[in-house]
Amino acid sequence: MYFWNIQKLEEDLKKWLSEKEDMKYLLLLMALFMLATIPMVTNPNMYDYILGISMVIFTIIEVLTLYKFNKWEKGKNFLSRYLSIWWVMMIRTLVFVMIPLVILYILANIFFLGNPDFESSNISDIVLNIVYLSIYLYLQIQSFKRVNV
């Protein structure tokens, strides 16, 4: 894996990078992307930091888990499988999972938690995030299993 030497990377890319190398680059890219979002609000509270850190942890778990279900180094086309499955699952879960979860989130904040302040993060944000990401990862794993039959 290269961090600085672009010439050496370009030489290796002319040949081929292993699935393991693809996974490493993806893992670092996704983790850095998630780190950049900690926190993006004006007045962050403790829950904003917890959400941000949990996103980084989830991203690492997601990439490593899916790499495992792609049969580690013996698997094929990890990067193309990851990106294409990620894209389709993101769209599907936004429609079929996130919309119902957001409705439940709003109702829970108004009626049960008595906190209609949606500008500040709270425990329900963390619960919503964990539920959504768990469903999302489960669906990705199932898709990887079907592809690797």
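If I ask for residues that are of a type in the set (S, T, N, Q) and either surrounded by fewer than 16 Cβ atoms within 10 Å (Cβ to Cβ) or modelled with pLDDT under 85 (or both), which ones from the stretch 82-102 would you list?
S84
Of all residues in the stretch 119-149, which are farther than 29 Å from E73 by Cα, assigned to a helix (DSSP H, G or I) and over 15 Å from the mean Cα position of the chain (by Cα)?
I123, S124, D125, V127 - these are the residues of the stretch 119-149 that are farther than 29 Å from E73 by Cα, assigned to a helix (DSSP H, G or I) and over 15 Å from the mean Cα position of the chain (by Cα).
Residue-by-condition table, conditions (1) surrounded by fewer than 17 Cβ atoms within 10 Å (Cβ to Cβ); (2) of a type in the set (V, I, T); (3) modelled with pLDDT of 85 or more; (4) within 14 Å of the chain's Cα centre (by Cα):
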| site | (1), (2), (3), (4) |
| --- | --- |
| M30 | no, no, no, yes |
| I53 | yes, yes, yes, yes |
| L64 | yes, no, yes, yes |
| S80 | yes, no, no, no |
| D117 | yes, no, no, no |
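Residue pairs, Cβ under 6 Å, 6 or more apart or interchain, first in the stretch 132-149 and closer than 14 Å to S84 by Cα, second assigned to a loop (DSSP other than H, G, I, E, B) and not basic (K, R). List them.
From residues that are closer than 14 Å to S84 by Cα, the pairs are F144/N70.
Return the total of residues in the stretch 78-116 being outside any helix (DSSP H, G or I) and out of contact with any helix residue (DSSP H, G or I) (no Cβ under 8 Å at 6 or more places or on another chain).
1
The values are calculated or read from the model by the stated rules, or taken from the named source; none is laboratory data. Since the structure is predicted, the reported quantities are computational estimates derived from the model, not experimental observations. Note that each Cβ is placed from the backbone with ideal geometry, even for glycine, and that neighbours are counted across all protein chains shown.
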